[in-house]
Amino acid sequence: MRLIANKWSKFAVLLRHAGVAKHIPDMRRFSASNLQVMLRQYLFVVAKPIIGTGGSGVVKIQKTSNGYLLHNSETKRTFRTWKGLFSALNRIRQNRPFMLQQGIHLATIDGRPVDYRVKLAKAGRSWIIRAVVGRLARPGLFVTNLCRGGTLLGGTYALRRTFPVSQVKSKIDTMCGVARTCTRLLESRYPGIGMLGYDFGIDKQGNVWIFEVNTKPH
């Protein structure tokens with residue numbers, strides 16, 4: 001079964017499809033100038049390794065009235081200067097290629113962010129949706145990964161805790177529909193993939209976003 005580790009190349013395939021692209025947050029390669037531009041545009045920015053799993057190395061960066069806030073795992077640090085922030089980011093990066101993603105204010109349950117994993121597996125010549133689950137962040141964390149203490153929830157249950165019941169089916173249909181389109185695109189570019197896990201976020205306004213695509217979903 002084929003594995004594709006590079007997040008950037010998977011998104012490059014998906015961005016060519018207009019219907020999928022509208023669900024992808026603004027993304028750029030990690031650089032000082034790109035980060036400065038995005039911090040002016042968005043309330044916060046997420047930096048993550050282009051190759052990596054389990055939420056490892058993912059950081060949240062926010063501009064504040066007196067400098068910058070860096071949220072890395074359970075640690076929050078404030079930097080008064082750009083130089084201080086950027087050198088801290090470089091220590092976290094350790095020369096690994098990183099990407100920047102527009103920060104999305106996720107809908108929450110009891111103040112904790114929740115996102116969704118849609119899993120597809122190939123059975124014969126067709127793809128089957130195996131699961132739609134919610135992942136609730138551990139208190140104090142912004143990443144929802146189960147290996148970081150996140151809690152697994154039924155997808156329908158998680159949606160009912162965050163949106164009116166009348167909207168639940170349409171949210172699941174949107175995520176599953178986008179996942180199926182993405183799967184067609186990725187399989188045509190990477191023949192041999194047999195399993196895919198899509199990480200979706202739904203913001204407080206109800207918009208559906210794709211954060212990651214995994215070819216080896218846990």
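The values are calculated or read from the model by the stated rules, or taken from the named source; none is laboratory data. Just so it is clear, the structure is predicted and the values come from calculations on it, not from any experiment. Each accessible area value is taken on the protein alone, full model and side chains, heavy atoms only, with ligands, DNA and RNA left out. Shrake-Rupley method; radii C 1.70, N 1.55, O 1.52, S 1.80 Å.
Output the Cα-based Rg and Dmax of the chain in Å, rounding Rg to one decimal and Dmax to a whole number.
Rg then Dmax for the chain, in Å: 17.2, 57.
Relative contact order, percent, of segment 41-169 when contacts are C-alpha pairs under 8 Å separated by at least 6 residues?
19 percent
Of 218, 105, 71, which has the most accessible area with a 1.4 Å probe, and how do the rest follow in descending order?
Solvent-accessible surface, decreasing: 218, 105, 71.
Given a 1.4 Å probe and the protein chains all in place, what does the accessible area of residue 10 round to, in Å² to the nearest 10?
Spelled out: residue 10, probe radius 1.4 Å, area about 10 Å².
Can you give me the accessible area per residue for the chain, using a 1.4 Å probe, in Å²?
Per residue, the chain has an accessible area of 49 Å².
Leaving ligands and nucleic acids out of the surface, order 182, 176 by accessible area at 1.4 Å, largest first.
Result of the area sort, largest leading: 176, 182.
Within the accessible area of the chain, what % is carbon and sulfur when the probe is 1.4 Å and the other protein chains stay in place?
Accessible surface attributable to carbon and sulfur in the chain totals 51 percent.
Using the Cα atoms of segment 89-178 to build a convex hull, what is its mean projected area in square nanometres?
Mean projected area for segment 89-178: 8.2 nm², to one decimal.
How big is the gap, in Å, between the Cα center of segment 168-218 and the Cα center of segment 1-45?
15 Å
What do you get for Rg/Rh over segment 50-100 if you use C-alpha atoms and the Kirkwood form of Rh?
Ratio of gyration radius to Kirkwood radius for segment 50-100: 0.97.
For segment 36-145, compute the orientation-averaged projected area of the C-alpha convex hull (one quarter of its surface), in nm².
8.8 nm²
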